[in-house]
Every structure is written in C-alpha cells, then in structure tokens.
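The values are calculated or read from the model by the stated rules, or taken from the named source; none is laboratory data. Everything numeric here is computed off the predicted structure, so don't read it as measured data. Positions of Cβ are backbone-derived with ideal geometry, glycine not excepted, and every protein chain shown enters the neighbour counts. Side chains included, ligands, DNA and RNA excluded: accessible areas come from the protein's heavy atoms. Shrake-Rupley method; radii C 1.70, N 1.55, O 1.52, S 1.80 Å.
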Amino acid sequence: MVIQILLLCGLIIFSGLAILFKDLLKAALSLAVASLFLGIIFFRLNAPYAGVFEISVVAGLITVLFILTIALTKKEGEVEEAKLAKVVFPLFFILFLIIDGLVMKSLLQKVPSLPSGPEAGTFGEVLWKQRTFDLVAQIGVIFAGVLAVLALFRKKEDDKDE
Amino acid sequence: MVFSFIVIPLLVAAFLPIIGKFSKKLVPDVLTNAALAFLLFNSILLVKPIFNQGTIVQNVNWFGEKVNLQVALDGFNLFMLFTISLVSLCISLFSIDYLEHYGHKANFYALLLVMIAGMNGLVLVPDLFSIYLFLEVAAVASYALVAFGLGYDELEASFKYLMLSVVASAFALLGITILFGMTGSLSFQAVAQGLQDLNARYVVGVCVAFFIMGFGLKAALVPFHAWLPDAHPSAPAPISAMLSGLLIKVSGVYALFRIIYSVIGMTPVLSQVLMALGTISMVVAALLALGQKDVKRMLAYSSISQVGYIVLGLALGTPLGIAGGLFHLFNHAVAKGLLFLNSGSIQHITGTRNLDELGGLGKRVPITAGTNLVGALSIAGVPPLAGFWSKLIIVIALIQAKQFGYALVAILASILTLWYYLLIQRKAFFGKISEKWLHIKEAPFWMSAANVILALICIFVGIFFTPVFKTWISPAAEALAKGIQQVLMWGI
C-alpha cells in the first residue's frame, strides 16, 4: 500500500512538473519519468501488457521523439504566459486532488463487482478477435493525427516553395 | 451496408492527400461530395428495414475469420446518421467555393471525412470503450480543423478546445472504467444486464456524474461551456457549422443520452438534474448571446442555449419529451448549420463579422439575407418553420408532465432567442446600406446553393411536419424511450 501511494505521488508530481517547467527538455524528461511511474503501477496491478507499452512507447519512443524535435528547434522570441494561468492551474490542481482523494477513497471501497471471466487467448487474440472495433478506431485516430500534421504544417512548405 | 458509414469516409480520406497532389480542386470536391451523398442515400435506404425490424445487428468477417466487428442500428442511431449525412453534405457543398482562399482542399476534406467517420462510428458501436475511441477520432480531426486557418486566434482557440476536450474525455473514460470494473464488460448489453444484477446505486451515481461532466463539456452545457464561444467562431465557417450543428450533439448529447437511457437507465433524480442543467444553459447562454457583436460568437452562444432545449426535452423522459428533444436536435443541426454557413458568406462578402460595421446588406445580397432569415426564424420557433414544431412539442410535453415552471422558462427563452436573431437580421441586413458595401456581390454559387438547400429543408420540414416526424423522429424516440429493454433485445 505504501509503495503504491509513493508511486502515485511520483506520477502526480512528475506530471505536474511536466506542465510547470518552462524548459521544454526538462518538461519532456519529467513526462518520461511520470510514464515510468505509471508503467510500474501497471505492472504491480497485473497489467503487464499495458506496462510494457507505457514504458517502451510513452517513456521511451515518444521521449526520444520529443528530445529530437527540441534539439532541431532554434530559440526564438520567448512566449509570455498569462499571469492568471500561474495562479489558476495550481489552485485547480490542489482542489482536484482534494476532491479526487475524498471521492475515490470512499468510492473504491464500495464498488461492487460481478465475477468476470478472464479474457481467453493471448494479448494479440484478445485485441484482434474481441476488440476489433477498437483497432479500427485507433487507425482512425492515427489517421486524424497524420492528416492534422499535414494540414497544420502546410504553411511552412508553402513558404519554402516560394 | 451499415459499415459503409465508417469505412467509406475513412477510405476516401486515405486517398485524398495523394489525389490532392494531382488534382488540387476538382477531384477532391467531387469525391468528397459523392461519398457524402452516398452516405445520405444509404441512410434513407435503411429507413424501411428499421421500420419493419426495429433493430439491425450486423457482423463483419475478416476473410472468413470471425472478428468482433459488430454494429447495432436502431431508430435512434439511424436518425443520427441521417442528420450527420444530410448536414455534412450541405457543408461540404458550401466548402467548394468557400475554401478557395484557404487552399489545400484535399487535406481539409480528408480531415472533414475522418471527423464524419468518427461521428458515425460513435453512433454505431454498441460498446462503451469503442464510443470513447471514436469520440477521439472525431475530436482529433476537429482540433486540426479549428486551427486550419493557422492564424493566432485559430491556434489559440484550437489549443483551448484541445485542453478542455481532453478533460472531458478523461471524465468520460473514468466513468467507463468504473462501469467496466463493476460489470467486467464493456458492451452495452452486458453492462446493462450487469448493472441490473448489482445493487450499486451510489457508485452508478458517481459514474453518471463523471459522464455528465465529460459529455456535458463536449455538449457545452452551462457551466461546462467556456470553450465553445472561442472555438466555434475561430474555425472556418464550414467547420463552425460542423461543430455547432453536429459534433456537440453527437459527442455530447447522443453519447450522454445513449449511455443514460440504454445502459444505466433514467431515474427521476437524474432527470431533474439534467432538466435543470438544460434550463440553465437555455437561459444563461441566451442572455450572453444578446451582448455579442461578432455574428459567429452570437451563434455560438445560441448553440449552447439550443442544446439546453434538446437536453430539457430528452431529460424529461416522456415519449413526447424525447421526440421533441430529438426533433429539435435535427432542426437545430440544420438551422445552425445554415446560420454558420451564412456567417461564412457574410465574412466572404464583406471581410468582417462585426455587426456594428454591417448594415443594409439585404438589398445587395438577397439570397444570403433570405436564407439567414429562414434559419433565424426556424431556431427562434416561428411558425410554420421546423423549429416551431420541435419547441412546441417540448413545451407540450413539459405541460403534460406538469412541469409548468420549465415550460414557462422554455417559452421565455424562445422570446430571447427571437430577440437576438432579429438583432442580427436588423444590424446586418436591414436598414440603410453603408457606402463601403455598395459594390458587394452575392456569395459564389455553391455557397449560396448550400444555404438555399438548408433553408428549404427548414421550410419543407415545417410544412410537411407529420410525415417527417413519423418517418424519422418517432422510431428514434421509441428506441430511446424503451431504454434498457431495447438494448437487451438486440440479440448480440
């Protein structure tokens, strides 16, 4: 229980730092550490597949992509953040933690559940035969992401052409 | 074939960026509009089978191998598919001319089609987690479409929209997770059955609260509405029409009420909470709309207010209330689509959306002025236009259920609606024309044609109210009113 709480605290602290850091590199690294904590939590909750994906893809691959992108960008005009955001975000965050703590503490102990049979077959079989629609939707999400990049970075290409 | 609603837009979207390299305008225009016309035709063809059978459950095999690609179609989601196809076809027709100054049509259409595929998928899947995933498909495409203009306002609005939408998705996912934890399943049928076997009133109550926060944010109900008046006006006009006309209803209203009616079950307390939220949205947003000078911002506030009407009708829970709510959903999708497209025409013609700068345009642009008047009067509920009937049904349903206070507020809010729409009409189209607008011309052909089609639908549905109501609205309302029993009979 203590380890679980420590892991959750680590996850929350590093997620918060990822938002609060102004240095993009530090923010990306904080996000990676937060993902690492989440991956460990997944392993401890008997979700090894989720843990492997979280650590390899989110903590690993995505962090590498972030760092590469940051390395490729040049320092240009500093962006000033609105002062209100500095006050509102931490306040909202603390309020959320308090409400979340109170609700979930009493809720988690009361959640009744039906016995559910373990999903038969390997991870691949479950994904392919039982959650096939989710795969279609994930293709849609990836598709939307790729098309968004094509649409939103088009101006730069145009400038280059000129 | 029911799957075509998801597969065809995704397939066309996949090829459009490649086609766009060879043909920048004509082929993307034709292909997108043909795909959407096919979907509209397909939804009309499905009316008869749904009328006869009630529900269609379809499975797809992957080269003979059994996989879990299953969709369940009843009156409610067929009605939604028809609304999505009809309004998006008109929006896509409008885009033919409107997008000339943006360029990159192929990319735009591809994103639009992915968004439509996401909405269709959300409407068709009988599974909680798949709903969440298709919600994200539509949402990711819409973030990019809001920012499509690449200006400062567009990017800022898109970022704000993204942040609040992520919070909304997180709440929805949290609710789904708890239901999965309790029932060990994600399909509507199994979760509905599981919840009936469990005595878990309070936990289900918390789940519903998460769903209301999540989907309420997507539907922009007051007090979760802050993102909408920024996001919708900043987007290109066709996207504003998509977002206000369709997306908030599909990813907010449809998802919320499908889960509440078909999985969890409506209770009197929940009904009261949702009715109160709907009424607050209706009044607060109407008052906020009155003070706006930007046409699109005023329309955005109006969307929040009209979603309030839809929620009020659907939350009432009586068959007539549900029918009124659904009918208003359709009428608002058509009329608000029309009004946002009209605002695009105004901006295209004059270069501004500021009501204080406009005036007297009606003499120079009679089609835009006329269609705008039809859309405005329909939403405000003036007879014999479509919006009048839906508002009337909602009010009658409220009176029948002895909710006199809500009925009175609904009528008063309708007067407010008429007030701010007449304000737009007077400031933009009536009065003396300013010298700088003396040489303006009517909007290009396809923009005007799309507006005229939508205006004609407002008039046609108003005049031929009975057959439209019988064909589309009644089966949808029946499917929803049957609630959990309907889902348990699906035979999945």
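Side notes on the structure shown:
- Failed item, numbered, when B:Ser92 is tested on (1) under 25 Å from B:Gly375 (Cα atoms); (2) open to solvent by 10 Å² or more (accessible area, probe 1.4 Å): (2)
- Within segment B:143-156, being more than 9 Å from chain A (Cβ to nearest Cβ) and either crowded, with 24+ Cβ neighbours inside 10 Å or touching a Cys at 6+ places or on another chain (Cβ under 6 Å) (or both) holds for one residue alone: B:Val146.
- Condition met for B:Phe129 (more than 17 Å from the chain's Cα centre (by Cα), within 11 Å of chain A (Cβ to nearest Cβ) and farther than 26 Å from B:Pro444 by Cα): yes
- Being open to solvent by less than 10 Å² (accessible area, probe 1.4 Å) and either in contact with a Ser or Thr (Cβ under 7 Å, 6 or more places away or on another chain) or at pLDDT 90 or above (or both) holds for only one residue in B:Val461, B:Val395, and it is B:Val461.
- Of the residues screened, B:Glu136 is one that is of a type in the set (D, E, K, R) and in contact with a helix residue (DSSP H, G or I) (Cβ under 6 Å, 6 or more places away or on another chain).
- Scanning segment B:13-45 for residues that are more than 14 Å from chain A (Cβ to nearest Cβ) and aliphatic (A, V, I, L, M) yields B:Leu26, B:Val27, B:Val30, B:Leu31, B:Ala34, B:Ala35, B:Leu36, B:Ala37, B:Leu39, B:Leu40, B:Ile44, B:Leu45.
- Elements of the type helices (runs of 4 or more DSSP H) sitting completely within segment B:39-149 and holding at least 3 residues that are small (Gly, Ala, Ser): these cover B:75-98, B:105-124, B:128-146.
- Filtering segment A:137-154 to residues that are part of a helix (DSSP H, G or I) and more than 7 Å from chain B (Cβ to nearest Cβ) leaves A:Ile139, A:Ile142, A:Val146, A:Val149.
- Total residues in segment B:62-89, condition surrounded by 23 or more Cβ atoms within 10 Å (Cβ to Cβ) and within 14 Å of chain A (Cβ to nearest Cβ): 2
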